[in-house]
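See structure below.
The values are calculated or read from the model by the stated rules, or taken from the named source; none is laboratory data. Please read all numbers here as calculations on a predicted model, not as lab measurements. Virtual Cβ from ideal backbone geometry, glycine too; neighbours counted across all protein chains shown. Ligands, DNA and RNA are excluded from the accessible area calculation, which covers all protein heavy atoms including side chains. Shrake-Rupley method; radii C 1.70, N 1.55, O 1.52, S 1.80 Å.
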Amino acid sequence: MTASFERSPGKLALQDAVIYNPNVGLTAQGGIDFQHNQVDLSGSFVPAYSVNTMLTKIPLVGLLLSGGENGGVFGINYRVHGSMSDPTVSVNPLSAIAPGIFHRILSAVDGTTSRGAVRAPAETGDTATRRPAR
């Protein structure tokens, strides 16, 4: 797993989080507010990660087909938001058959993009620590 994150008292903001193995990958961005028991995360579930991300290594073609460095040609957009004890999970089934570059477009249209309901620590005025997770 790799991720850029900001941590402040009671809050965690994630950017560019990626968890993967050869069989499956998951990207995430958004935040968790532990003080208010709220979560707002979104990203893509990428099956057959090793095969699905091979095209990302080809300049321009990889960007067009995958939509980014950690996305695959095929993936499923998701969003988890609301109370941590009973979150709402949204999935866009159309994203499963659309090439990766369209995932961002589809996620903006169908609401599977994190809307920032859980604000990053920098937005709240809290002091934050920025560290890459490895």
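Summary of values
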read-out: Cα→Cβ-extended label distance, 7 Å offset, between D16 and S50, nm; value: 2.5 nm
read-out: Computed accessible area, Y20, all protein chains, 1.4 angstrom probe, square angstrom; value: 140 Å²
read-out: Whole-Hz couplings from phi, Karplus 6.51/-1.76/1.60, listed for the stretch 12-25; x for Gly and Pro; value: 9, 10, 9, 9, 6, 6, 9, 10, 7, 9, x, 8, 8, x
